[in-house]
Structures are given as C-alpha cells and as structure tokens.
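Presented below is the structure to which this report refers.
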Amino acid sequence: MSVKKHGIITQRDNDIVSLHEGLHPTPRPNNPDTTWDLLDPLVPKHCEHTKILASSVLLTLHKDQIVVLETGQRAASEAAFKWLDAQHELFKLLPPNQQELCGLSSHAIDAGKFLAYVMIGQKNVDFGQLSRATVAIEKPITRSKGTQETTTFAQNGVLRLQVSLQRLQES
C-alpha cells in the first residue's frame, strides 16, 4: 500500500469521526446530556444506530490495510469492537420482535468473524484484546440463539460465529 493511499484513508477516517462527533447533541456519542432521552424513546436507539453506521464505515475503510499496516489493523479492530458494543446496546433497547431484524444481525456476523480472523492472525497475542474479542463475539451468539428457530439466517449466522469463536479459542 502506498503512503499516499494510507494518507487518504487516514483523512477519511478523520472525516468520519469528525462528522459523527459533530452531530446534533441528541445522537452524538458520549453525550452526557440525556434529557432528550426522556422526551423521546427513539433518541437512545438513534444514538446507538449512528455508532453502528460510523463503525461500519470505519471497519470497511480499514479492512484493506490490516495485512500491510498495524495501524489499519488496530483501527479496523476498534471499529469492529465499537460496532458490536453499539449493536448490543441497541438490541437491549429494542422489543423482542425487532431483535430478529436480519439487517442488524449481519453486522454482528461480519464484525465477529473479522475480530476472530484478526486475533487468530496476530503473532503477539494481547490476552486483554483476546478476552474482549471473545466476549464481543459471544454476545451476538447468545442473543441470536433465541431467533434460530424462526430464521435460517439466524441459524447460519450463529453457526458462523460459533465456528469463528471456536477457532479463536483454539488459537
């Protein structure tokens, strides 16, 4: 990868983070003012959803760098962690019938498989990160097990995440 391409990716990363942090205070990440949350129950959901979207773009942006640059691997891994954390928080806010949304579940499958792949490929394993990845992958597995009977997508997603988790634990 060229230095120029890395510079462009770094600039896009900064643009996305600035855009996300520059949102109206309501959906902005880490906003200590929760008065809007009391006025409209959708606000916390929108906040988590914006985190998912930003993390999704950042993960996609940095995926091509993971083999070449350690900074790309760290950025992509952190985006995957944030993606899974925000999704977990969003699902806690949703009623059970909305937790079966396949579009949201596909994010967890992608991010979970990516984290397992990255952790398995590391030469010097950081056991804190390994533990964090294990917990992050276990959450969507546990959450999706209840929907396995209703959708084939959930069955396949749980299976893929379980295989990824097993390989991670064996490495």
Report task. Scan (1) part of a loop (DSSP other than H, G, I, E, B); (2) in contact (Cβ under 8 Å) with a residue 24 or more places away in the chain for the single condition ASN124 breaks and write down its number. Result -> (2)
Report task. Could you figure out which of (1) farther than 28 Å from THR10 by Cα; (2) buried (at least 17 other Cβ atoms within 10 Å of the Cβ); (3) free of Cβ contacts under 8 Å to residues at least 40 places away in the same chain isn't true of ALA79? Result -> (1)
**Report entry** Which listed residue, of GLN148, GLN162, is at pLDDT 90 or above and farther than 29 Å from THR71 by Cβ
**Finding:** GLN162
Query raised in the report: Is there a residue in region 76-97 that is over 29 Å from ASP37 (Cβ atoms) and touching a helix residue (DSSP H, G or I) at 6+ places or on another chain (Cβ under 7 Å)?
Result: yes
Report task. Those residues that are under 21 Å from ALA86 (Cβ atoms), among the small types (Gly, Ala, Ser) and more than 15 Å from the chain's Cα centre (by Cα), I need them from region 112-156; list them, please. Result -> GLY128, SER131, SER144, GLY146, ALA154
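The values are calculated or read from the model by the stated rules, or taken from the named source; none is laboratory data. The model shown is predicted, which means the values in this text are computed figures rather than measured ones. Cβ: placed from backbone, ideal geometry, glycine included. Neighbour counts: every protein chain shown.
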